[in-house]
């Protein structure tokens, strides 16, 4: 495939301030198409804030200032002509805590389609089924699509949230510690899923779990105190980090 | 330890009042009492027009106060940022709730009855009562919206929904059971208020049903006031007064029970708790 732009996602010298607090300090990073990029670092290092740059969820916070450029497919998503809800249709997000709506399983997945003006019944049904299959949840819920999503287990709810994000056919999926609230079995299901999804989506995942970053990601970025300390292929970063702070963090000496 | 005693005292109090009215009023209540016009200087007959009048005023004031109140609360909670402006609106809402109801009555008379020329009418009375309960609706709706987990809003926005879509499809349905609490409180308040309807709608004696919103009506609380203080023969109408009080209490009770049943049904459907 000939790509005019070599990188799917790119940030160029991004600075972000919460009021007077300088939360992201000159971050430049690029993620290749159809790869998984893991963001690691201690709490409060700015990795979640960085993730939320790409669907502009940070915009919801009062008193925030963002400098620099964030590009998806070569286009700056912070330029004036970008409509935020259009952007968010292309960039799906899965949150730390499973947050299905108090609606039926079917309606949860169909929600993104409905708000985007799709009302064709069979089209919605097809998309819901396909998304649930992609999220490896279809077999467990196909007989109870009309039941409330709140009755599902935590792990099922999180996969439902993934299906919900996939239904609107984004090209990028952002995951904010998607497995941190789940048990080991659900976690491994989510990880397998991420591995499967990589062929169709570009994924950025924030994780506290070093083994998880090692298992699922192609590249890993280590954040510390709002700075990007090191960004490299996951194999390289975990076996032979070039910065001592990265070394200390991944060996568990702090954080 | 004094809290349970206070609670016991309060419960006993309300039960004793209810029991007393029940005891005095139950003998008066019959099909004639609730379906016939008052007769013989309001010492005989029924209170049918007052019941209908009260229902008209409940309906009219809720129709006015509920949409405006809910929309105001949505504006305050979902659209304004934290800061002076929001605090200012909230302070003014609290002030509105603290105004004595007779002041609402006089305000309603001068604005709706005289200035706008509605005359003594259901419309003027409903608007006045609507103003009275507006702060209750706003406050409870605001609390209901505040109680909606922000995660739901974020999930919706992250799927490309606009703010309006998020409010319509996610926030409001989740908040609805709690918003209904505001409705319940408003109904209770509206049906019992006398001062706001005194100069705006209530008729001393009007043995016919209203045919338009510009008609006057009788209303239960005002009727109660009339037959127990300034009626033609207070001693003869005493039993009627107890019966009227009981009917008023029962109406409020039934409306409240219905609303809380709907509320329970909706929260079960949401299945959040």
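Which one is surrounded by the most Cβ atoms within 10 Å (Cβ to Cβ) among residues in segment A:57-95 that are within 14 Å of chain B (Cβ to nearest Cβ) and free of Cβ contacts under 8 Å to residues at least 12 places away in the same chain? Here the residue is A:85.
Only residues that are touching a strand residue (DSSP E or B) at 6+ places or on another chain (Cβ under 8 Å) and not in a strand (DSSP E or B) were counted across segment A:226-249, and they come to 10. Taking each residue of segment B:153-175 that is more than 9 Å from chain A (Cβ to nearest Cβ) and surrounded by fewer than 24 Cβ atoms within 10 Å (Cβ to Cβ) and looking for partners that are in a helix (DSSP H, G or I) and modelled with pLDDT under 95 with beta-carbon atoms closer than 6 Å, six or more apart or interchain, yields B:167/B:78. Just one of the listed residues (B:101, B:156, B:121) is touching a helix residue (DSSP H, G or I) at 6+ places or on another chain (Cβ under 7 Å) and under 15 Å from residue B:196 (Cβ atoms), namely B:101.
Pull up segment A:142-162, narrow it to residues that are more than 21 Å from the chain's Cα centre (by Cα) and buried (at least 20 other Cβ atoms within 10 Å of the Cβ), then point me to the one that is farthest from the other protein chains (Cβ to nearest Cβ). Top of the filtered list is A:152.
Residues of segment B:1-10 include at least one that is under 24 Å from the mean Cα position of the chain (by Cα) and without any contact (Cβ under 8 Å) to a residue 12 or more places away in the chain.
Within segment B:261-269, is there a residue that is surrounded by 14 or more Cβ atoms within 10 Å (Cβ to Cβ) and under 26 Å from residue B:128 (Cα atoms)? Within segment B:261-269, none of the residues are surrounded by 14 or more Cβ atoms within 10 Å (Cβ to Cβ) and under 26 Å from residue B:128 (Cα atoms). Kindly check whether there is at least one residue in segment B:229-252 that is away from every other protein chain (no Cβ under 14 Å), under 16 Å from the mean Cα position of the chain (by Cα), over 30 Å from residue B:39 (Cα atoms) and surrounded by fewer than 20 Cβ atoms within 10 Å (Cβ to Cβ). Taking every residue of segment B:229-252 in turn, none turns out to be away from every other protein chain (no Cβ under 14 Å), under 16 Å from the mean Cα position of the chain (by Cα), over 30 Å from residue B:39 (Cα atoms) and surrounded by fewer than 20 Cβ atoms within 10 Å (Cβ to Cβ). Evaluating residue A:34 against the criteria (1) closer than 26 Å to residue A:111 by Cα; (2) in a strand (DSSP E or B); (3) away from chain B (no Cβ under 13 Å) leaves one unmet condition, (2). Evaluated against (1) within 14 Å of chain B (Cβ to nearest Cβ); (2) outside any helix (DSSP H, G or I), residue A:131 falls short on exactly one condition, (2). Scanning segment B:78-114 for residues that are part of a helix (DSSP H, G or I) and within 14 Å of chain A (Cβ to nearest Cβ) returns B:78, B:79, B:84, B:85, B:86. In segment A:1-26, the residues that are assigned to a loop (DSSP other than H, G, I, E, B) form Cβ pairs under 8 Å with partners that are surrounded by fewer than 13 Cβ atoms within 10 Å (Cβ to Cβ) and at pLDDT below 95, at six or more places apart or across chains, as follows: A:4/A:74; A:5/A:74; A:19/A:63.
The values are calculated or read from the model by the stated rules, or taken from the named source; none is laboratory data. Source: prediction; values computed, not measured. Virtual Cβ from ideal backbone geometry, glycine too; neighbours counted across all protein chains shown.
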